[in-house]
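K.L.:
Can you read through this structure? Questions will come right after.
The values are calculated or read from the model by the stated rules, or taken from the named source; none is laboratory data. From a predicted model like this one, the values you see are computed outputs, not experimental measurements. Here the Cβ is made from the backbone with ideal geometry for all residues, glycine too, and neighbour counts use every protein chain on show.
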């Protein structure tokens, strides 16, 4: 019911601000921006504040008011601001799964014309997929990310395992070996809470099994590779190699379990690598390995989900020119290269820059494979409702309340009614 109310908000707030939004600021009092960011992963709050301080110093008189919310509150904040008439934010951080919804409902300013002089080929295609809908662009990509397989090198060594798994079946096999040797009770930890985090893990597996969410405009996730993906999730739980608390965990929980030395394997975003190397945050410093998420023998060599995010101009902003200037600064290559420790740049040439690569060789090596494989979650306006249906189906199957076949079939029937 919560997601449906969001869509009602959007539709009842249909006043168009597109024309007014492009009127540039001219008065001194118009030199203050309000920006909404996520406080969870990728760039830290302190990094965003430091970037913003640099922007303000380069633009005397300009002030940017920053607001940070948890990922799960980000969509609500953006939608509520639109429903209230759009006032409140000039710049917003948005997930790769929202452009269709936001474009259809006039939440973000179409910035296609502002990108005409930018060399788009210098940015990864997977990054551009974050901000585009029906050939129109609604911002600049900022966070380029996917999920990787992290592993405890010491645990693998103790188990006599020479190299991390390249397939999902190998992951289970290695996990059983580690478990049987008494090295750790539950070798694998996931973020399978009933939230978008579970959909990201699921999408990674769907990609590995070459599944599809839709085919010919109809739900297809109840068959083929998408069904096999959920079967795999359930099987790892029944086998006892998956931490049973995974159904309660988000990515930060996964990071903490892995960093505490209570897991041999974890699927998570890029930021976990450097966080797990900080003595004040981790007990596994110097024992962290990172590789692309595995593939399926005979089908794929690796797998990846597109977990990128973009910065856009809110449709209600009265300062779109200044907002865009701030976005270009935050997404610029020099700024991204400087703060590449928790989030890799969107710019291709950054991956050969010695200052970016230094100390992050494992990340860069994995990224060079994974970024080109990033699989999107379904891009359509009713994605929030679809995600809710899939989250519930996954939870039902993992809880043993329904078979994977029945859980996904029920969700597919409901998804067929979404528009």
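K.L.:
With the structure loaded, tell me whether residue 207 is closer than 29 Å to residue 411 by Cβ, assigned to a helix (DSSP H, G or I) and out of contact with any helix residue (DSSP H, G or I) (no Cβ under 6 Å at 6 or more places or on another chain) or whether it fails that test.
P.N.:
yes
K.L.:
If a residue must be touching a residue at least 60 places away in the same chain (Cβ under 8 Å) and outside any helix (DSSP H, G or I), how many such residues does the range 70-125 contain?
P.N.:
The total comes to 24.
K.L.:
Step by step: first the residues of the range 155-183, then only those that are assigned to a loop (DSSP other than H, G, I, E, B) and touching a strand residue (DSSP E or B) at 6+ places or on another chain (Cβ under 8 Å), then the one that is surrounded by the fewest Cβ atoms within 10 Å (Cβ to Cβ). Which residue is that?
P.N.:
Among residues in the range 155-183 that are assigned to a loop (DSSP other than H, G, I, E, B) and touching a strand residue (DSSP E or B) at 6+ places or on another chain (Cβ under 8 Å), the one surrounded by the fewest Cβ atoms within 10 Å (Cβ to Cβ) is 166.
K.L.:
Related question: Quick check on the range 293-328: of everything there that is within 22 Å of the chain's Cα centre (by Cα) and surrounded by fewer than 17 Cβ atoms within 10 Å (Cβ to Cβ), which residue is farthest from residue 125 (Cα to Cα)?
P.N.:
Result: 301.
K.L.:
Given the conditions (1) in contact with a helix residue (DSSP H, G or I) (Cβ under 7 Å, 6 or more places away or on another chain); (2) part of a loop (DSSP other than H, G, I, E, B); (3) without any contact (Cβ under 8 Å) to a residue 40 or more places away in the chain, report the number of the one that residue 417 does not fulfil.
P.N.:
(1)
K.L.:
Output the number of the condition that residue 359 fails; it satisfies all remaining conditions of (1) surrounded by fewer than 19 Cβ atoms within 10 Å (Cβ to Cβ); (2) in the same structural domain as residue 135 (by TED's automatic domain parsing); (3) in a helix (DSSP H, G or I).
P.N.:
Every listed condition holds for residue 359 apart from (3).
K.L.:
So residue 154 fits all but one of (1) outside the structural domain of residue 90 (by TED's automatic domain parsing); (2) in contact with a helix residue (DSSP H, G or I) (Cβ under 7 Å, 6 or more places away or on another chain); what number is the exception?
P.N.:
Residue 154 satisfies every listed condition except (2).
K.L.:
Please work out which one of (1) over 25 Å from residue 143 (Cα atoms); (2) in contact with a helix residue (DSSP H, G or I) (Cβ under 7 Å, 6 or more places away or on another chain); (3) assigned to a helix (DSSP H, G or I) is the condition residue 402 fails and give its number.
P.N.:
Evaluating residue 402 over (1) over 25 Å from residue 143 (Cα atoms); (2) in contact with a helix residue (DSSP H, G or I) (Cβ under 7 Å, 6 or more places away or on another chain); (3) assigned to a helix (DSSP H, G or I) leaves (3) as the failure.
K.L.:
Quick one: in the range 42-61, which of the residues that are surrounded by 12 or more Cβ atoms within 10 Å (Cβ to Cβ) and in a loop (DSSP other than H, G, I, E, B) is nearest to the chain's Cα centre (by Cα)?
P.N.:
Among residues in the range 42-61 that are surrounded by 12 or more Cβ atoms within 10 Å (Cβ to Cβ) and in a loop (DSSP other than H, G, I, E, B), the one nearest to the chain's Cα centre (by Cα) is 42.
K.L.:
Just one of 92, 64 is farther than 21 Å from residue 305 by Cα, buried (at least 20 other Cβ atoms within 10 Å of the Cβ) and more than 17 Å from the chain's Cα centre (by Cα); which is it?
P.N.:
It is 64.
K.L.:
For the range 232-247, state whether one or more residues are closer than 30 Å to residue 345 by Cβ, modelled with pLDDT of 95 or more and surrounded by 19 or more Cβ atoms within 10 Å (Cβ to Cβ).
P.N.:
no
K.L.:
Here's something else I'd like to know. Against the conditions (1) surrounded by fewer than 22 Cβ atoms within 10 Å (Cβ to Cβ); (2) out of contact with any helix residue (DSSP H, G or I) (no Cβ under 7 Å at 6 or more places or on another chain); (3) under 28 Å from residue 341 (Cα atoms), where does residue 223 fall short? Just the number, please.
P.N.:
(3)
K.L.:
Which helices (runs of 4 or more DSSP H) sit wholly inside the range 249-354 and have at least 2 residues that are over 25 Å from residue 34 (Cβ atoms) and in contact (Cβ under 8 Å) with a residue 40 or more places away in the chain?
P.N.:
251-259, 271-275
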